[in-house]
Structure formats: C-alpha cells, structure tokens
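A short reminder: the numbers here are calculations on the coordinates, not readings from a lab. The structure displayed is predicted, hence computed values, not measured ones. Neighbour counts are summed over all protein chains in view; Cβ atoms, including those assigned to glycine, are modelled from backbone coordinates with ideal geometry.
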Amino acid sequence: MSGEAGLLLRLAGPLQSWGERSKFNERDTAPFPTRSGVIGLLACTLGRRRGEDIGDLARLSLTVRADRPGVLLRDLHTVGGGLPARHTVTTAEGKKRPTAAATLLSHRYYLADAAFTAALTGPADILQACAAALREPFWPPYLGRRSCPPEGPLLLGEFDDVHRHLVELPLARPRRGTASTVPVVFHSDRPLTHLAPTTAGTDNGSEPTGQVNDQPLNFHPQRRAYHSRSRYQRTVHLPADRCHGLGADYLKALATYLAPRPPRPESSPA
C-alpha cells in the first residue's frame, strides 16, 4: 500500500462513540473509529439519506492511528420520565407504556478526549467527491453519534503518499518521560506491514487480530445490514519528539507540518 494517494482525517472531540455491538438499552463503543462509522460520516457530508446506496463508499479502505485512545465513559440515559402519558415512549404494539414503566433506561458508552488520525484510500473520483463534501458538508458531520461533533479541522488534506504522512504527522498527545520513542497503535481493514520497519519483538501487522462486524451494506433504519471483516492491528514505536501535547500547541505543530513547502531549487548545469 506504500505510495497510495488518499485523504487524511482528524477524528477528535470531547466525546465520540463508534457502536460495535449495540443492542436495545446497551449502546457500546469500539475503542477506535469503525468502518461503518466513518463511512456514515462521509455519507452524511455527501447528503446521502438513510437507505441510499453506499456501495461506492464501501470500496474505500480505512487505516486509523490512535493518537490518544481516550477514556471510556458510561452515561446513564433516560427517556420518557416525568412526561404526561401521551408523550411517553410508544411500545411495539403502538400503545403507551404504563406509568410505572414509562421511563426507559439505557447505558451509553463514549470515548472521552480521544483523538485519531484516519487515512482513506480508494478510487480517485470517490476520494475527490469525499474531500469536497468534507470541506463543504451537506449535513454536519459527527463522530459516531449526532451528539458528538468533531473539534478543529476534520479534513487535513489530500496526499500522494498518505500512509507515510499518517505515520509522520504530529501526534496529539503530551510527551511523558525521557524515552526516545512512544508506542502508537494502528488499526486497519488491510495488513499493516507497510507502515514502518518491524520493531524487534512486535507484530508487523501481517495477520488479522480478529473479526469485526462493521462493513456496512445498508443504513436504512428498518433494513440495516453489515458484513464482518478482518481487523488488523499493529503497535509502531514512533519518535517521541512527534508528541506535541494538546490544544493550541498541537494545532500549531499540525499547521506547520501541513504548510506548503517551497520547491527545491533546480541545480544549475555544470
């Protein structure tokens, strides 16, 4: 995959939630942005309605770098409590719930203060359409749930060698200790052997670490469907001087990295 053109996205915010096995009153989150969540984000910016074809977006490949994994947060969410009977939640039979059972409880999980950098690769025309939509979204994008808007820049740009930049981009985390390197976890739907030379004693990301059910087929509310796919994970030790803290310090380092570089002067003939 080395040398592939693609897009870089920054997925960061106070809260984000990437549902993986959510059912009924238990709404979980994966520890990283899922394919279904990122494809849903792209569909949102493109103005796709639920149920519209997403086959083109499903052709894109996703690799995620975990700058900050965040902290798992559980929220006890209530619906319908303290309302008149006519405003409470309707049952599957179309009736209203009795007063004693009017309040519905759900446990919703989030990643707090997490930051990820994502690389998208695939057909050039699809990437160009997504880049334009991310710059001027049809609907506001969100990080897994509508209550989780992204902070700061979402689209970092289009790159000819996107995976090299995914590795070299400044890290949104503080530097701690005196070690010369920091471990950074990468997740992908493809093998990760291309990211960097193998570090002694660590996996090179050539074999899947498991299966996840996040390959979307349809987002229609009544016909949601997903396929399982292989998940690859790899820990790469990157130079510690790429850690630029949080907030303004990181954004300044990011802006410096992304600033256009002057062309190299041509050598004069001998």
**Request:** Restricting to the stretch 156-260, compute how many DSSP beta bridges are antiparallel as a %, nearest 5.
**Result:** 95
**Message:** What Kirkwood Rh does the stretch 106-201 have if only Cα atoms enter the pairwise 1/r average? Answer in Å.
**Reply:** 16.4
**Item:** Net charge dipole size for the stretch 105-170 [Lys, Arg +1 and Asp, Glu -1 on Cβ; Debye, nearest 20]
**Value:** 440
**Request:** For the stretch 138-250, list log₁₀ I(q)/I(0) at each q in 0.09, 0.13, 0.15 Å⁻¹, using the Debye formula over Cα point scatterers of equal strength and ignoring solvent, two decimals each.
**Result:** -0.35, -0.73, -0.94
**Complete:** By the mean-Cβ-within-10 Å protection proxy, highest first, 111-123, 142-154 rank as 111-123, 142-154
**Fill in**
Rounded to the nearest 0.05, FRET efficiency between Ala248 and Gln128 (Cβ-Cβ, R0 35 Å) equals 0.65
**Asked** Taking the highest mean first, how do the peptides 34-43, 126-135 order by number of other beta carbon atoms within 10 angstrom per residue?
**Response** 34-43, 126-135
